[in-house]
Amino acid sequence: MSNVLDLATQSLDDGFLVEASAGTGKTYSVAALVTRLIATSESTRIGNILITTFTRNAAAELRDRIRRRLVETANALSTMPSPDVPDDEIVAHLRKGTAADVVASIMRLRRAAVEFDTATIATIHSVLSKILVLAGRPMVPSDDDSQATRVIDEVVNDLLLNAAMQGESWDERRIRALVVAKLGEPLTDLWFDPSLYDAGVVGQLERAAGIVRDAVAEIERRGSDHPSFNDLMRSAHAVVTDPANHAIVAEFQQRFTLAMVDESQDTDAIQWELFNALFPIGGSGALVAVGDPKQSIYKFRGADIDSYAAQKKVMPVVTLTTNFRTDQPLIDDLNVLFDGFTFGSSVSYTPVTASADHAKSRISGVKPFETIRFRGANNGIALARATARRVLHLLATAKVDGNPVAPTDVVVLARSGANGRLIERELRRWGVPAVSSGTASVMDSEMAGHIRVLLEAMERVSSVGRARRMAATRFVDSSILDPRLMDDDFVTSIQDIVHRWASVLRREGVAGLASVILNDVDAVGRITAGSAGQRHLTDFSHVMELLHRHTEGAGSTPEALLRAFDELAEADKTSDLVARRVESDLNAVQIMTMHVSKGLEFPIVVVADTWKKPKDDGKKPKIVRIDDNGVSRRIIDMTHALKDVKAQ
C-alpha cells in the first residue's frame, strides 16, 4: 500500500511518484509543494524549479495556479489567522515556525512572485529545446504536422519503389505503419521470432525490417529541416545519455534542482530515460512525477504502462486519496465496483474518499451509480436506443441540488464517434436537444463534402457535370433529380456563382470566400435549414477556418485548397485540429467520446458502451512487452509487414 502524500511534510530531497486519480488535486498539490519549497529554502529560487506538462493550456494553468498560490500564501502569512477562514495545510505548516521564520518565508515567496518570469513551467517541447540549445544544437519544432506526414509518405514510397524495381512488392500501408511505430518509439526493437517461420518468410521479414530502418534513418535525417516532436525527443535524449556531454548535463542540473513532471502517465520509455539522466536517483537534484497511471492503458501520446511500472520499482510512491469533485455515495459504489481490480498488468485501483463538502449526493431521484443491461449489445442502434431511454428517464425524474435536471446537466460519453452520432440522432428523434463534440472528424461531415464539391466546381468552372453536382449541395440546395438541371440557363447561373466565388478565393483567400457565402442570405438560409442547421453552420465555419490557416490567409486557387482538403482529411480523426466542435450553447445534452472528455464538468455522466474488447483492425502493428530468454523487451511485431503470414 502506498503512502498518502502529506503536502506539509513530504520530503523533496530524493524525488517520488505521485499516483492520483482525476479530481484528487494534482495541480493543487504541485502548486502547494512548490510554494512550500520556496518558502522554506533560501537557496532555491523559482528559477531553479522545472515543471513540465504536455500541452500549452496545461502549462498556462500551472503557471497561473503556482503564481497565485505563492502570492496568496505570502498574504495569508502576513495577517493573523482567522477562525472564519481556516489556513490551508501549507500556511498552517509555515506558521509553526518562529516569527523570524515566518517573515523569511514571506520574503522568499514575494521574491519568487517578482522573479516569476524566470520560472520554467512549460511543455515538454520547451524543455527539450532548452537541452538542445545548451548543447549548441538548437531545433525549432514545426507546428505543421502535415509536413512530417508528407516526409514519411515520400520516403516510404521511394524505398518501396526501389524494392519493386528489384522485384519485391510490399503493402505500403503496412510498411508505413511500422515506420510510424518505430519513429514514435526509437528504443523499441523491431522483432519477430525466426523459429516460427520457414526460411522464405524469415528472409522477407528481415528485408522488411531493413526497409523500415532505412526509412526511419532517412526521415530522421530530413527532420533537421522541419523537426517533429519525435525529432526533438530523440535528439535531446541522445545529448543527455552521451557521456561525452557530461558538462552539458551538469550545467542543466546546476540550473534546475527540482523537476516536476505533470501527467506522467503519458510518459514513454525514452522520456523516462531522459528525465532519469538529468535527475538520477541519489543525485543532487530531485524528480517528482505526478499522474494517474490508470490512464496509461489508453496509450495517449505513446504512453507505455510497462515503462511506468519499471519507474515505479525504483522510486518511492505516494498517493492522493481525497476526491474533491465527486460525491461520497458515488465514490462508495465505485470503490466496491473496482475493489481488487488491476488496470493493465501492474496498476491497482486505489480507493478514495470524498472531501467533507461532498459527503452527500447532489443528485436525487435516482441512484448515484447504475449499470444498465440491454439486449442487442453488439448493435450500435440498440445501444443508442437504450442510452436515449436512460437520458429521458433522468430528465424526467432526477434532480440536481433540488432542481429538475436540465439537458446541459447531462453528458453522454461514447467509445466511438459512430456510436455518439447514433445516440445524438436517437435523442433528437425523441425531441431531446443534443449536440456533439469530438465524436468525428469535421472532414467527414456532410458540410465538408459539400465544400469539396464546391472546390471541384471552382477548379473547372466550365464542367457542366461539376456544376450540376454543385447544385445539389446546401449552397444551392437543388436535387439531383431537379428538372432544372437539364436547363442550360439554370446550369449557367450555377456556373456564374461558382466563377464569382472562385474569383473571390483567388483575390481574398478563404476568409474572403467564407465572408461572401455567409453574407448571402439565401445561401446561409439553405445551410442552416432543418433541425441540423446549426450543426452544418458550425462544420462550415470549422472547415473554412482550417483551410484559411493552411493557406495563411493568402489568396489561393481551388487546386491548392483541394490538396489541403485531402491532407486534412487524412489527419487523425481524434485530434483537436479536426474533431467536430459543439455547434451551439443551447440547453442540450452533450455527447463526447471517451478520448476527449472524462465528463468531470457535468453533474450526470452516462457512459454508453457495449464493454466489448475492441477488435484489432490490423491497421497498426502490435507493440508488446515480451520475455526474451529471461530479458523483458518491448518490441514492434514485424509480422505486420506481411498480410497473411502464418507460423509453420
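The table below gives the values:
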| read-out | value |
| --- | --- |
| Net charge over other residues, Cβ less than 12 angstrom from the Cβ of HIS393 (K, R count +1; D, E count -1) | +2 |
| The chain - charge dipole about Cα centre, Lys and Arg +1 at Cβ, Asp and Glu -1, debye rounded to 20 | 1160 debye |
| GLU172-ARG389 pseudo-label distance in nm [points 7 Å out on the Cα-to-Cβ vector] | 4.9 nm |
| Shape of the range 328-419, Cα gyration tensor, a/c cut at 1.5 | oblate |
| Cα-only Debye scattering, the range 13-101: base-10 log of I(q)/I(0) at q = 0.16, 0.18 Å⁻¹ | -0.75, -0.93 |
| Integer Hz, Karplus 6.51/-1.76/1.60 couplings in order for the range 553-569, x for Gly and Pro | x, 7, x, 9, 9, x, 4, 5, 5, 5, 5, 5, 4, 5, 5, 5, 5 |
| Cα gyration tensor category, rounded, prolate or oblate, for the range 457-613 with a/c compared to 1.5 | prolate |
| Percentage, to the nearest whole number, of Cα pairs in the chain over 31 Å apart | 64 percent |
| Karplus-derived HN-Hα couplings along the range 625-631 (A = 6.51, B = -1.76, C = 1.60, θ = phi - 60°), whole Hz, x at Gly and Pro | 9, 10, 9, 10, 6, x, 10 |
| Which of TYR28, LEU518, ILE381, positive extreme of dipole for the chain (C-beta unit charges) | ILE381 |
| Computed lengthening from ARG362 to VAL336, 0.36 nm per intervening residue step minus Cα-Cα distance | 7.3 nm |
| Helix-only CD estimate at 222 nm, as mean residue ellipticity for the chain, using -39500 (n - 2.57) per DSSP H run (n ≥ 4) | -15000 deg cm²/dmol |
| Of LYS313/LYS360; LYS294/LYS399; LYS294/LYS612; LYS598/LYS619; LYS294/LYS367, those spanning more than 29 Å from alpha-carbon to alpha-carbon | LYS313/LYS360; LYS294/LYS399 |
| Charged-residue dipole, Cβ positions (Lys, Arg, Asp, Glu), the range 457-528 about Cα centre, Debye nearest 20 | 280 debye |
| Eligible aspartates and glutamates near LYS643 by straight Cα distance, threshold 14 Å, same-chain separation 8 or greater | ASP171, GLU172, ASP616, ASP617 |
| Whole-percent carbon and sulfur share, accessible surface of the range 324-442, 1.4 Å | 53 percent |
| Extreme residue, positive dipole direction of the chain, given options ILE423, HIS595, PHE275 (C-beta unit charges) | ILE423 |
| Test item: Cα-centred dipole of the range 113-196, Lys/Arg +1 and Asp/Glu -1 on Cβ, debye | 140 debye |
| For THR342, solvent-accessible area (1.4 Å; no DNA, RNA or ligand), Å² | 60 Å² |
| Sum of side-chain charges, ALA523 neighbourhood, beta-carbon under 13 Å (Lys, Arg +1; Asp, Glu -1) | 0 |
| Inter-label distance, nm, simple model (7 Å from Cα along the C-beta direction), SER348/SER541 | 5.1 nm |
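The values are calculated or read from the model by the stated rules, or taken from the named source; none is laboratory data. All of these numbers come straight from a predicted model, not from anything done at the bench. Quick reminder, even Gly has a Cβ in these numbers, built from the backbone with ideal geometry, and neighbours come from all protein chains shown. Just so you know, the surface numbers come from the protein's heavy atoms only, side chains and all, with ligands and any DNA or RNA stripped out. Shrake-Rupley method; radii C 1.70, N 1.55, O 1.52, S 1.80 Å.
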